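> Got a structure here, written out as structure tokens. Questions coming.
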Amino acid sequence: MEKISFQASRTEGAQDTLKRLTERYGQVSPEDSDVIVAIGGDGFMLQTMHRNMKLARPIYGLMQGSVGFLMNQSDDERLLTDRLEQSEVAEIHPLRMIARGEAGTELEALAINEVSLFRQTKQAAKIAVWINEVRRLDQLICDGIMLSTPAGSTAYNLSAHGPIIPLGSNILAMTPISPFRPRRWRGALLPCDVRVKFEVLDHYKRPVSATADAFEVRDVVEVEIFEAKDVTLRMLFDRGHNLEERILNEQFAS
């Protein structure tokens, strides 16, 4: 953990922290690093993970933003190198989204938090839900629907009243966004090895977009989602404050 690549958001606090840490610990490129330290909030952490995904370096988030569920707290009293050496590793697999358009075009993207579908106009979306090639829901009338990983379950999924999922549970959360029909359907918990397909009904009148974290595809007619077992991301957390503990604590937060 001696060769560190620091990456920081553009906020003043993150840039000040970047300057202080690089003066003390040096700076190397991500390709030459043992570890990448992302300075910012959860949004910047996701950007850093996506940007460096192919390098397969462990990433340690250092909090300098408004939301820091994926981050470690700033602590100038402890050596950063000691914190990195003593950190705990959380390994996660992102979701792979394959979005198809009317002409048969396909776009693929990875999502660390969630894949979401949204209505594009004032018209509510109509979506059929398939699980492992079985049509489980003929028609969901809603503003949208998402499939969330455990790591993303405390993000948009939680604000849409979805469940918090412990890390390592091998479960995904399917959560509707402002559902109208069926009224009593509030989502589902699914094993991580499922293949989910969202079929957009009446897509000419009710266009729908799909997003994998921040990557958006508009006017989709079908979206297939499954866990990308071939991609493993390693996140580092201070000992005693790992992601699994944070997810557990979040379920008892007032």
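The values are calculated or read from the model by the stated rules, or taken from the named source; none is laboratory data. Treat the numbers as computed from the prediction; the structure is a model and nothing was measured. Cβ sites come from the backbone with ideal geometry, for glycine too, and all protein chains shown count toward neighbours.
> Could you tell me whether residue 107 is out of contact with any Leu (no Cβ under 7 Å at 6 or more places or on another chain), more than 24 Å from residue 249 (Cβ to Cβ) and not aromatic (Phe, Trp, Tyr)?
On the way: out of contact with any Leu (no Cβ under 7 Å at 6 or more places or on another chain): yes; more than 24 Å from residue 249 (Cβ to Cβ): yes; not aromatic (Phe, Trp, Tyr): yes.
Against the criterion (out of contact with any Leu (no Cβ under 7 Å at 6 or more places or on another chain), more than 24 Å from residue 249 (Cβ to Cβ) and not aromatic (Phe, Trp, Tyr)), residue 107 qualifies.
> Determine if the range 62-72 includes at least one residue that is in contact with an Asp or Glu (Cβ under 6 Å, 6 or more places away or on another chain) and of a type in the set (Phe, Trp, Tyr).
Checked the range 62-72: at least one residue is in contact with an Asp or Glu (Cβ under 6 Å, 6 or more places away or on another chain) and of a type in the set (Phe, Trp, Tyr).
> Which one is modelled with the lowest pLDDT, of the residues in the range 168-182 that are surrounded by fewer than 17 Cβ atoms within 10 Å (Cβ to Cβ) and not in a strand (DSSP E or B)?
Filtering the range 168-182 for residues that are surrounded by fewer than 17 Cβ atoms within 10 Å (Cβ to Cβ) and not in a strand (DSSP E or B), the one modelled with the lowest pLDDT comes out as 168.
> Which condition from (1) among the hydrophobic types (A, V, I, L, M, F, W, C); (2) under 17 Å from the mean Cα position of the chain (by Cα); (3) closer than 22 Å to residue 164 by Cα is the one that residue 217 breaks?
Just one mismatch for residue 217, condition (3).
> Moving on. For the range 52-65, indicate whether the set of residues that are over 17 Å from the mean Cα position of the chain (by Cα), assigned to a helix (DSSP H, G or I) and surrounded by fewer than 21 Cβ atoms within 10 Å (Cβ to Cβ) is non-empty.
Looking for residues that are over 17 Å from the mean Cα position of the chain (by Cα), assigned to a helix (DSSP H, G or I) and surrounded by fewer than 21 Cβ atoms within 10 Å (Cβ to Cβ), one finds at least one in the range 52-65, hence yes.
> Just to be sure before I move on: is residue 42 of a type in the set (D, E, K, R) and within 18 Å of residue 113 (Cβ to Cβ) in the structure I sent?
yes
> When the residues of the range 183-233 are filtered to those that are assigned to a strand (DSSP E or B) and in contact with a His (Cβ under 8 Å, 6 or more places away or on another chain), which remaining residue is farthest from residue 140 (Cα to Cα)? Even if it seems obvious, please write down each step before you answer.
Initial filter on the range 183-233 (assigned to a strand (DSSP E or B)): 188-191, 196-201, 208-212, 215-217, 222-227, 233.
Now drop any that are not in contact with a His (Cβ under 8 Å, 6 or more places away or on another chain), which leaves 227, 233.
On the way: 227: 23, 233: 33 Å.
Among them, the one singled out is 233.
> Can you find, within the range 29-51, the residue that is surrounded by the fewest Cβ atoms within 10 Å (Cβ to Cβ) among those that are in a loop (DSSP other than H, G, I, E, B) and over 16 Å from the mean Cα position of the chain (by Cα)? Full working, then the answer.
Our first condition is that a residue be in a loop (DSSP other than H, G, I, E, B); within the range 29-51, this holds for 29, 33-34, 41.
Keeping just the survivors that are over 16 Å from the mean Cα position of the chain (by Cα) gives 29, 33-34.
On the way: 29: 9, 33: 20, 34: 13.
Selected residue: 29.
> Are any residues in the range 237-249 touching a residue at least 24 places away in the same chain (Cβ under 8 Å) and in a helix (DSSP H, G or I), and if so, which ones?
Of everything in the range 237-249, those that are touching a residue at least 24 places away in the same chain (Cβ under 8 Å) and in a helix (DSSP H, G or I) turn out to be 243, 244, 246, 247, 248.
> Related question: Being of a type in the set (Phe, Trp, Tyr), out of contact with any strand residue (DSSP E or B) (no Cβ under 8 Å at 6 or more places or on another chain) and at pLDDT below 95, is that true of even one residue in the range 231-246?
Of all residues in the range 231-246, those of a type in the set (Phe, Trp, Tyr) come to 237.
Restricting the remaining residues to those that are out of contact with any strand residue (DSSP E or B) (no Cβ under 8 Å at 6 or more places or on another chain) gives none.
Looking for residues that are of a type in the set (Phe, Trp, Tyr), out of contact with any strand residue (DSSP E or B) (no Cβ under 8 Å at 6 or more places or on another chain) and at pLDDT below 95, one finds none in the range 231-246, hence no.
> Quick test for you: out of 127, 145, pick the one residue that is touching a Ser or Thr at 6+ places or on another chain (Cβ under 9 Å) and either part of a strand (DSSP E or B) or free of Cβ contacts under 8 Å to residues at least 60 places away in the same chain (or both).
Working: 127 fails: touching a Ser or Thr at 6+ places or on another chain (Cβ under 9 Å).
Just a single option satisfies the conditions, and that option is 145.
> Mind listing whichever residues of the range 198-236 are closer than 19 Å to residue 173 by Cα and either without any contact (Cβ under 8 Å) to a residue 60 or more places away in the chain or in contact with a Cys (Cβ under 6 Å, 6 or more places away or on another chain) (or both)?
227 - this is the single residue of the range 198-236 that is closer than 19 Å to residue 173 by Cα and either without any contact (Cβ under 8 Å) to a residue 60 or more places away in the chain or in contact with a Cys (Cβ under 6 Å, 6 or more places away or on another chain) (or both).
> Name the single residue, out of those in the range 90-132 being closer than 19 Å to residue 230 by Cα and β-branched (Val, Ile, Thr), that is surrounded by the most Cβ atoms within 10 Å (Cβ to Cβ).
Within the range 90-132, the match that is surrounded by the most Cβ atoms within 10 Å (Cβ to Cβ) is 115.
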